[in-house]
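Visitor: So that we are looking at the same thing, I have put the structure below in structure tokens.
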Amino acid sequence: MSFFSFGQSAEIDVVLNDAETRKKVEHKTEDGKKDKYFLFYDGETVSGKVNVTLKNPGKRLEHQGIKIEFVGQIELYYDRGNHHEFVSLVKDLARPGEITQSQTFDFEFTHVEKPYESYTGQNVKLRYFLRATVIRRLNDIIKEMDIVVHTLSTYPELNSSIKMEVGIEDCLHIEFEYNKSKYHLKDVIVGKIYFLLVRIKIKHMEIDIIKRETTGTGPSVYHENDTIAKYEIMDGAPVRGESIPIRLFLAGYDLTPTMRDINKKFSVRYYLNLVLIDEEERRYFKQQEITLWRKGDVVRKSMSHQAAIASQRFEGSAASESALEQAAKEESG
């Protein structure tokens with residue numbers, strides 16, 4: 001037994017009020033594994049309880065205050081000591097004093113702003129977490145609990161198709177077309193490739209989805225390219241006038257929404273890379289950026305249901321039945 005009693009004399013536990021019903025999602029950890037975390041969206045309230053359990057009942061625990069924080073922070077792996085906090089909220093749960101028995105403290109962070117999507121990459125991590133602290137003179141007792149935030153988008157108003165040409169003078173002329181430039185994470189990339197001139201012997205053709213993570217600013221900028229998907233379009237030689245259809249389903253791949261200049265710390269962009277390989281193993285490629293976004297269907301469904309309930313209150317039962325039927329159709333549709 002330590003003479004100065006350095007061992008922690010209490011344990012802290014953080015429990016969310018809606019832990020039984022709140023959805024959990026898989027999220028990649030720093031070591032590449034996937035764990036499940038509670039899912040939140042921007043503007044949602046985060047509430048729960050902090051349980052402080054004394055390890056030795058009957059023995060009092062002196063403290064300088066008990067608090068809980070809600071933190072959103074960006075950590076650059078090459079700058080481990082510095083955490084860049086973009087959200088930092090604090091609630092004091094107890095004033096300095098002593099605890100003589102295990103206690104529970106309620107907390108609520110109302111309509112919390114969560115502007116960015118949770119992200120774990122090659123060189124950067126954006127995380128949200130609750131941190132409960134029993135402040136003590138020598139060693140604080142701390143418990144952290146991570147949550148995951150998804151950012152939802154509505155359907156983009158402008159979503160033009162992509163048309164491009166690849167050519168080597170007098171040897172090769174290809175046109176390719178993708179149906180749009182912005183895709184949600186469960187979308188299908190539909191396209192066509194036209195061979196207008198083929199005078200070199202192509203033996204293989206594929207489309208890659210490349211994720212480019214950019215961290216830092218100025219002279220200390222780091223780029224990490226990661227090939228997320230390879231999709232073989234053709235194995236064998238094409239002929240002039242031939243057209244090849246493309247259908248690439250995104251749902252099976254580990255993708256995030258496009259992130260541009262997040263808090264002036266990092267970006268994540270996605271590119272379609274068309275690769276041609278000839279019989280002499282020469283590679284020809286053309287890259288095109290696409291925008292990925294997370295579809296906000298959950299929000300739309302709940303809103304249509306809420307609209308139906310509101311009309312029931314407002315207009316009486318006749319109008320409400322048709323509104324509820326409409327909401328049901330929207331949800332099933």
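The values are calculated or read from the model by the stated rules, or taken from the named source; none is laboratory data. In this text, all values refer to a predicted model and were calculated from it rather than measured experimentally. In this analysis, Cβ positions are derived from the backbone assuming ideal geometry, glycine residues included, and neighbour counts consider all displayed protein chains. Only protein heavy atoms, including side chains, enter the accessible area calculation; ligands, DNA and RNA are left aside. Shrake-Rupley method; radii C 1.70, N 1.55, O 1.52, S 1.80 Å.
Visitor: Where does helix 317-332 land angle-wise versus the long Cα axis of the chain, in degrees 0 to 90, nearest 10?
Guide: Approximately 60 degrees, to the nearest 10.
Visitor: Could you tally the net charge around Tyr231, taking each other residue with its Cβ under 11 Å from the Cβ of Tyr231, Lys/Arg +1 and Asp/Glu -1?
Guide: -1
Visitor: Per residue of the chain, what 222 nm ellipticity follows from adding -39500 (n - 2.57) for every DSSP H run with n ≥ 4, rounded to the nearest 500?
Guide: Calculated at 222 nm, the ellipticity per residue is -3500 deg cm²/dmol.
Visitor: Assuming 0.36 nm per residue, please report the length gained on full extension of the stretch Gln64 to Ser243 beyond their Cα-Cα distance.
Guide: Difference between extended and current length: 57.1 nm.
Visitor: Three principal axis extents, largest first, for the C-alpha atoms of the range 10-149, in Å?
Guide: Computed over the Cα atoms, the extents are 47, 36, 26 Å.
Visitor: Compute the length gained on full extension between Asn17 and Glu177: take 0.36 nm times their separation in residues and subtract their Cα-Cα distance, giving the result in nm to one decimal.
Guide: 52.6 nm
Visitor: Could you work out the Rg to Rh ratio of the chain, with Rh taken as the Kirkwood radius (inverse of the mean 1/r over all Cα pairs)?
Guide: Result for the chain is an Rg/Rh of 1.11.
Visitor: Over the range 165-298, what percent of the accessible surface lies on carbon and sulfur atoms, probe 1.4 Å?
Guide: About 46 percent, which is the carbon plus sulfur part of the accessible surface.
Visitor: Right, next: Would you mind working out the magnitude of the charge dipole of the chain relative to its Cα centre, with +1 at each Lys and Arg C-beta and -1 at each Asp and Glu C-beta, to the nearest 20 Debye? Show your work: numbers first, answer last.
Guide: Values: 48 positive and 52 negative charges, 127 e Å.
For this selection, approximately 600 debye.
Visitor: Measure nothing but the geometry: give the 0 to 90° angle between the long axis through the Cα atoms of 297-315 and the longest principal axis through the Cα atoms of the chain, rounded to 10°.
Guide: The two axes meet at around 70 degrees.
Visitor: Find the accessible area per residue for the chain; the probe is 1.4 Å, ligands and nucleic acids are left out, and the unit is Å².
Guide: Solvent-accessible surface per residue comes out at 57 Å².
Visitor: Determine the gain in length on full extension of the stretch Glu113-Val90; use 0.36 nm per residue of separation and subtract their C-alpha separation, reporting nm with one decimal.
Guide: Computed gain between Glu113 and Val90 is 6.9 nm.
Visitor: Moving on. When only C-alpha pairs under 8 Å and at least 6 residues apart count, what is the relative contact order of the chain, in percent?
Guide: 13 percent
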